Amino acid sequence: MAEDRPTADRFARRLRGALRRDAKRLLTPGPSTVPMLMLGPQVPDDAQVQQVLDLCMRIGEIELSSGESVDEVTATMLRLANAAGLPAVDVDITFTSITMCCHRGNAAQPVTTMRLVRYRTLDLSRLAETEQIVRELEAGELDVRAASSRVSDVVRSPHPYPRWVATFGWAGLAASIALLLGGGPITATAAFVTTAAIDRIGRRLARWGVASFFQQALGGFLVTGSTILLISIGLFPAGTRPSFIVAAGITVLLSGLSVVSTVQDALTGYYLTAAARIVEIALLSAGLLTGVVLGLQLGFQFDVPIEVSGDLPSSVGQFGLSVMSGALAAAFYALAGYAPLRSLPIAGAVGAASWAVYGVLTQVVGIGAVPATGAAALVVGLAAGLLRRGTNTPPMVVTLAGVTPLLPGLAAYRGFYQLAVEGVSEGLVTVTIALAIGLALASGVALGQFVTRPRRKPEETPSSGDSPSTGSGYMLAPDSDVVEPQAPSAESK
């Protein structure tokens with residue numbers, strides 16, 4: 001037994017030495033070894049994490065409620081979190097909620113927060129101020145606490161202009177569209193007055209909590225019914241086109257639909273949010289169709305039809321007037337959306353350029369309305385990307401205002417009229433053409449912004465995930481080259 005004890009001790013020592021050598025070899029990264037221990041990211045304490053996540057969520061809520069695409073909102077939140085010291089975050093956005101998670105490795109639990117987007121508002125000035133805060137924080141000019149205070153001021157502050165200025169902007173937009181289509185001063189004035197009244201009524205309905213569907217239906221009915229009333233009292237002399245009033249009003253009501261953001265979400269892989277936006281657009285368009293058709297039926301009962309105008313005038317003088325009207329329409333839309341005053345000339349210039357491209361392609365080259373609209377929208381998207389680099393102008397200001405002169409208000413009214421008078425088959429064809437024009441608008445803008453988007457170097461990219469809405473995941477131990485794969489988020493499915 002005494003001889004067996006030294007043998008057993010030697011075996012135990014050899015076994016412990018082998019285990020220590022294997023453990024040291026496995027835990028020490030080398031040229032051909034894989035580390036077994038994955039270290040989590042080095043992040044600030046809990047209070048700092050909560051402050052950064054709250055800041056990112058509030059900024060994301062402002063942008064999403066203003067109509068920004070999910071891809072743009074996600075990229076902004078990831079950049080902001082990375083600049084504030086949280087390199088490992090995930091962002092998941094749906095149409096009505098934002099979820100953000102900060103990973104802290106194996107030593108601490110992740111921190112997750114969610115925020116519901118309960119309102120939709122068009123305040124381009126607020127959006128511009130928010131993007132300025134993001135740029136200053138990325139440049140190191142603001143810390144998280146100061147940025148949060150600035151965001152609180154932006155949210156609490158009222159609109160930069162009185163409400164009647166926004167009403168004037170919507171009315172001016174309608175008058176500009178009437179002139180752009182070829183209407184005279186009487187038609188433009190009537191479009192101005194009726195649109196101003198509809199905006200005030202819609203404002204009151206929104207305060208009462210009336211659903212957007214009924215607001216659109218009432219707006220379509222009022223613009224058609226008011227035109228019928230003006231025709232019945234003999235306001236329009238021979239040769240005028242009262243249908244331009246309805247087309248201008250429909251254009252104003254269509255301008256609130258987020259068609260561009262919907263297509264951008266679909267193209268960038270956010271299918272869940274794109275589907276939700278499509279449902280919203282379909283519902284609001286159905287309300288608009290209902291109101292216009294009811295108004296037309298009322299006109300038929302009183303023997304006051306609003307016939308659809310024929311071909312638009314194509315003279316050189318009318319082309320110049322249309323280009324100027326396109327500039328006014330874009331500038332008025334920016335004013336109605338509370339855009340900063342310095343951006344109004346930019347919006348007007350882009351609107352004039354978009355309509356000039358469309359007019360040349362349709363009247364000189366002779367191509368169809370759908371491809372011409374796509375080409376003009378491509379110009380808008382390119383201008384939005386280039387102006388963002390040169391002037392820090394938010395792309396939303398340029399895109400929304402620039403595509404306004406191209407909205408298919410007249411085509412939509414022609415389709416609605418055919419549905420009410422000529423039959424379903426003819427009306428569906430025209431409505432489909434109007435829908436194709438809207439898709440061409442959104443696709444052209446999305447392509448232009450993609451071409452001019454700044455390209456990040458691999459080491460500058462804040463996200464290493466595979467899905468569009470996934471941030472960077474776990475960080476590795478020092479000197480390790482192994483990357484842990486990330487699961488795609490639910491939004492990317």
ask   = Among the residues of segment 143-174 satisfying the criterion of being of a type in the set (G, A, S) and open to solvent by less than 10 Å² (accessible area, probe 1.4 Å), which is nearest to N82 (Cα to Cα)?
value = A147
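Taking the residues in segment 386-416 that are of a type in the set (G, A, S) and crowded, with 19+ Cβ neighbours inside 10 Å as candidates, determine which candidate is farthest from S255 (Cα to Cα). I'd like the intermediate steps shown before the answer.
Taking segment 386-416 as the starting set, the residues that turn out to be of a type in the set (G, A, S) are 390, 401-402, 409, 411-412, 415.
If we keep only those that are crowded, with 19+ Cβ neighbours inside 10 Å as well, we get 401-402, 409, 411-412, 415.
On the way: A401: 9, G402: 11, G409: 9, A411: 14, A412: 13, G415: 18 Å.
By that ranking, first place goes to G415.
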key: Odd one out for V364, checked against (1) under 28 Å from T121 (Cβ atoms); (2) out of contact with any helix residue (DSSP H, G or I) (no Cβ under 7 Å at 6 or more places or on another chain); (3) among the aliphatic types (A, V, I, L, M)   = (1)
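Please enumerate the residues belonging to segment 207-227 that are free of Cβ contacts under 8 Å to residues at least 60 places away in the same chain and either under 21 Å from L328 (Cα atoms) or buried (at least 21 other Cβ atoms within 10 Å of the Cβ) (or both).
S226, the sole residue that qualifies.
Taking the residues in segment 220-245 that are among the aromatic types (F, W, Y) and within 37 Å of the chain's Cα centre (by Cα) as candidates, determine which candidate is modelled with the lowest pLDDT. Don't jump to the end; show me each part of the working.
Taking segment 220-245 and keeping what is among the aromatic types (F, W, Y), we get 221, 236, 244.
Checking which are within 37 Å of the chain's Cα centre (by Cα) leaves us with 221, 244.
On the way: F221: 93, F244: 88.
Across segment 220-245, the extreme among qualifying residues is F244.
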task = Collect the residues in segment 355-386 that are within 14 Å of P405 (Cα to Cα) and either in contact with a Cys (Cβ under 7 Å, 6 or more places away or on another chain) or not hydrophobic (A, V, I, L, M, F, W, C) (or both), keeping them in residue-number order.
result = Y358, G359, T373, G374
remark   = Only unsatisfied item for V246, checking (1) open to solvent by 10 Å² or more (accessible area, probe 1.4 Å); (2) in contact (Cβ under 8 Å) with a residue 24 or more places away in the chain; (3) assigned to a helix (DSSP H, G or I), is (1)
task = Identify all residues within segment 175-206 that are open to solvent by 50 Å² or more (accessible area, probe 1.4 Å) and either within 16 Å of L288 (Cα to Cα) or within 24 Å of the chain's Cα centre (by Cα) (or both); write none if there are none.
result = I201, R203, A206
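Quick one: which residue in A369, A375, A329 is at negative phi, surrounded by 22 or more Cβ atoms within 10 Å (Cβ to Cβ) and in contact (Cβ under 8 Å) with a residue 40 or more places away in the chain?
Working: A369 fails: surrounded by 22 or more Cβ atoms within 10 Å (Cβ to Cβ); A375 fails: surrounded by 22 or more Cβ atoms within 10 Å (Cβ to Cβ).
Of A369, A375, A329, the one residue that is at negative phi, surrounded by 22 or more Cβ atoms within 10 Å (Cβ to Cβ) and in contact (Cβ under 8 Å) with a residue 40 or more places away in the chain is A329.
The values are calculated or read from the model by the stated rules, or taken from the named source; none is laboratory data. These numbers were taken from a predicted model, which means no experiment stands behind them. In this analysis, Cβ positions are derived from the backbone assuming ideal geometry, glycine residues included, and neighbour counts consider all displayed protein chains. To get the accessible areas, we keep the full protein, side chains included, count just its heavy atoms, and leave off ligands, DNA and RNA. Shrake-Rupley method; radii C 1.70, N 1.55, O 1.52, S 1.80 Å.
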